[in-house]
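Structure record follows, encoded as structure tokens.
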Amino acid sequence: MAQLLITGGAGFLGSHTCLVLLEAGHQLLVLDDFSNSSAISLERVAELAGVPLQRDQPTLKATLEAFTLVEGDIRDTQCLDALFTSAKAFGQPIEAVIHFAGLKAVGESVQQPLRYWDVNVVGTQRLLTAMNFHHCRTIVFSSSATLYGYPHPNQIPIPETAPIQPINPYGASKHAAEALLADLAGCSGKPEPIQASSGGWRIARLRYFNPVGAHPSGRIGEDPNGIPNNLFPFITQVAVGRRPELTVFGDDWPTPDGTGVRDYIHVMDLAEGHREALHSLLNSDPQLLTLNLGSGQGASVLDVVKAMEATSQRAIPHRIAPRRPGDAAITVANPTLAAQQLHWRTQRSLTDICRDGWAWQQDNPNGYGEACL
Ligand code: NAD
Ligand code: UDP
């Protein structure tokens, strides 16, 4: 059992990972500013895990229980210092951090590059500074397959050693944060995905492919603000009648049915990947790991439409439109390294993804917006 700090734990990926980590017996301190989430997700995680959710201040009034929530910003150095100092004062020093907090909308990043660099790069730098000062040197970082840009067809499925070529400010900010982590580990400019690190740092940079779906209970899931940019939440909102039709961005891609192909990974598989990455780091010598988290399987836009139609027993009206600027034809992970290193691989299929995502959407047609606990 370890005392962990989870930044951005109220978000889509963070909430599911919190549940898996609580079930593994860890004590969690969540730091979130709710800029893209609601505390209801964590109330529901607490209910599913059968533990109370304590709310506290960064200065922590009381001994940490299994699950504590502090509202705050990762860029707030006083808040970070107070958290690490107070946890230590109660004899429960933070042993590791899982760092989800960040901004993730590609289009928004093009409009607001300074904000993206501020939260994703400056925020990460301040977090690492606090960790370093307080001798907490184990971190799992949320990176992204977006770093691979437009992968060359010869490099599908994509290995971790594929060229890094971000094509938007969001990707650039993740690349910068990855570079900072490599610098800290004493591995600057070295491309190998598994390396010994210096300074006592244990670091996992996890490059997610397309996380989708929801916890099978239907109690927690993805709750995008406004009109979803991503395919999966858009399709579930069409299926439930919240939106009239799906726009398919291009049917002239060099793929089997002409629509874009992605590697969709069930959010519970992703959450379990974090548990395994954390355990691997805690039990290893200082190292820098860079791992893809994906299924290794590609699904086209029309494959996802058909799978959701079969699950929901509803037609998903869709029309073909021109390609979306900035899209790649195919991104599919080579997940071999994560399987070797973490003894982890995805367990859940596209059918499971649709079943669980659909249950969440039906039970929570407006996400957490008008939710009753
Ligand atoms: P999310 O927006 O649901 O969760 C992010 C959480 O961070 C939210 O709860 C938000 O309120 C919080 N947050 C944002 N800025 C903060 C700040 N300054 N201080 C404290 N908290 C802050 O996103 P998600 O889908 O759960 O993604 C989590 C991480 O994984 C992000 O870093 C994202 O870039 C990365 N990622 C996500 C995907 C994806 O498809 N969901 C893919 C690749 C990488
Ligand atoms: N897509 C689509 N219509 C939408 C949203 C996405 O056709 O409303 C396509 C998109 O062009 C891509 C795939 O679905 O081929 C996955 O897109 P998403 O934005 O979910 O993931 P990303 O492109 O970031 O991997």
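Odds and ends about this structure:
- Within the range 234-249, residues that are farther than 20 Å from Arg355 by Cβ and of a type in the set (S, T, N, Q) sit with their Cβ atoms under 6 Å from residues that are modelled with pLDDT of 95 or more and within 13 Å of ligand 2 (Cβ to nearest atom), at 6+ positions apart or across chains, in these pairs: Thr247/Ala321.
- Of all residues in the range 58-68 being of a type outside the set (S, T, N, Q) and away from ligand 1 (no atom under 13 Å from the Cβ), the one that is most open to solvent (accessible area, probe 1.4 Å): Lys61
- Whenever a residue of the range 128-153 is without any contact (Cβ under 8 Å) to a residue 60 or more places away in the chain, its partners that are outside any loop (DSSP other than H, G, I, E, B) and open to solvent by less than 60 Å² (accessible area, probe 1.4 Å), lying with C-beta atoms within less than 6 angstrom and at least six residues away or across chains, give the pairs Ala130/Leu80; Ala130/Phe84; His134/Phe84; Thr146/Gly171.
- Residue check, Leu5 of a type in the set (A, V, I, L, M, F, W, C), open to solvent by less than 30 Å² (accessible area, probe 1.4 Å) and over 15 Å from Arg275 (Cα atoms): no
- Output for the range 12-33, where each listed residue is closer than 15 Å to Val70 by Cβ and open to solvent by less than 30 Å² (accessible area, probe 1.4 Å): Gly14, Cys18, Leu28, Leu29, Val30, Leu31, Asp32
- Checked against (1) more than 16 Å from ligand 1 (Cβ to nearest atom); (2) out of contact with any Asp or Glu (no Cβ under 7 Å at 6 or more places or on another chain), Ala49 passes all but condition (2).
- Listed by first and then second residue, the pairs linking a residue in the range 58-76 that is at pLDDT below 95 to a residue that is of a type in the set (D, E, K, R), with Cβ atoms under 8 Å apart and 6 or more places separating them unless they lie on different chains, are Ala62/Asp56.
- Output for the range 318-337, where each listed residue is open to solvent by 30 Å² or more (accessible area, probe 1.4 Å) and of a type in the set (Val, Ile, Thr): Ile320, Ile330, Thr336
- Qualifying residue in the range 338-353 (condition: out of contact with any helix residue (DSSP H, G or I) (no Cβ under 9 Å at 6 or more places or on another chain) and either exposed (fewer than 14 other Cβ atoms within 10 Å of the Cβ) or not hydroxyl-bearing (Ser, Thr, Tyr) (or both)): yes
- Of all residues making up the range 34-57, the number that are surrounded by fewer than 19 Cβ atoms within 10 Å (Cβ to Cβ) and not in a helix (DSSP H, G or I): 12
The values are calculated or read from the model by the stated rules, or taken from the named source; none is laboratory data. Computed from a prediction, not measured in an experiment: that's the story for all the values here. Using ideal geometry, Cβ is built from the backbone for each residue, glycine included, and neighbour counts are taken over all protein chains shown. Please note that ligands, DNA and RNA were not included when accessible areas were found on the heavy atoms of the full protein model with its side chains. Shrake-Rupley method; radii C 1.70, N 1.55, O 1.52, S 1.80 Å.
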